Amino acid sequence: MSYPWAQKTFSLRFVLMPTILIQANSPNKEGLLDMDFITPLHRVIWQPMTDMTSFPDANDMFMIELLHLTTVLIHHFPELIEDVKKDIISCAWHYITSEDAVVKQMAYLLAVHFFEAFDTPQKFILQA
């Protein structure tokens, strides 16, 4: 069964994101997020997002929520993202060229947090 994009968007915004933010702000970050959570995200979201045909019917609000989720994970849990960072920065570069202004701004925000969290060659930072 496939759910509408609006339902997926609101699930990300009102269920998943608050749960992750509470975990990120707790003194003990152990338990909720680990590679068992990151690996499926990588396979189902970040790898397909780099393809031009990924999520063809998705609306911009869904893409904004995915970029926001990725930004929060990089900001609060960079150690979990280390193995998949190449696909994540590819997603950011892909959506920086979006025609939707908010999607583009979320992609720039993702890139900024990525550059803050990981050592990045200066040529990439200057291109942004």
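Things to note:
- Theoretical gain in end-to-end length, residue 51 to residue 11 [0.36 nm per residue, Cα-Cα removed]: 12.1 nm
- Evaluated with a Cβ-only charge set (Lys, Arg +1; Asp, Glu -1), the chain carries a dipole of roughly 140 debye about its Cα centre, given to the nearest 20.
- The chain, accessible area per residue, ligands and nucleic acids excluded (1.4 Å, Å²): 59 Å²
- The chain, relative contact order in percent, only Cα pairs under 8 angstrom and at least six apart counted: 26 percent
- Magnitude of the charge dipole for region 19-69, about its Cα centre and with charges confined to Cβ atoms of Lys, Arg (+1) and Asp, Glu (-1), is about 120 debye.
- Of interest is the spacing of the C-alpha centroids, which for region 60-116 and region 4-25 amounts to 16 Å.
- Distance between the pseudo-spin-label points of residue 2 and residue 120 (7 Å out from Cα toward the beta carbon): 3.3 nm.
- Portion, in percent, of the accessible area of region 52-105 that falls on carbon or sulfur, probe 1.4 Å: 54 percent
- Taking 0.36 nm per residue of sequence separation and removing the Cα-Cα distance, the residue 102/residue 19 pair yields an extension gain of 27.5 nm.
- A cut-off under 15 angstrom between Cβ atoms defines the neighbours of residue 23, and their net charge, with Lys, Arg +1 and Asp, Glu -1, is -3.
- The label point for residue 28 and the one for residue 112, both projected 7 Å from the Cα toward the Cβ, are 3.4 nm apart.
- With all protein chains modelled, accessible area of residue 21 [1.4 Å, Å²]: 60 Å²
- Global form of the chain, assessed from the alpha-carbon gyration tensor, a/c cut-off 1.5: oblate
The values are calculated or read from the model by the stated rules, or taken from the named source; none is laboratory data. The structure displayed is predicted, hence computed values, not measured ones. All Cβ positions, even for glycine, are placed from backbone atoms using ideal geometry, and neighbour counts span all protein chains on display. Remember, those area values only see protein heavy atoms, side chains included, never the ligands or the DNA or RNA. Shrake-Rupley method; radii C 1.70, N 1.55, O 1.52, S 1.80 Å.
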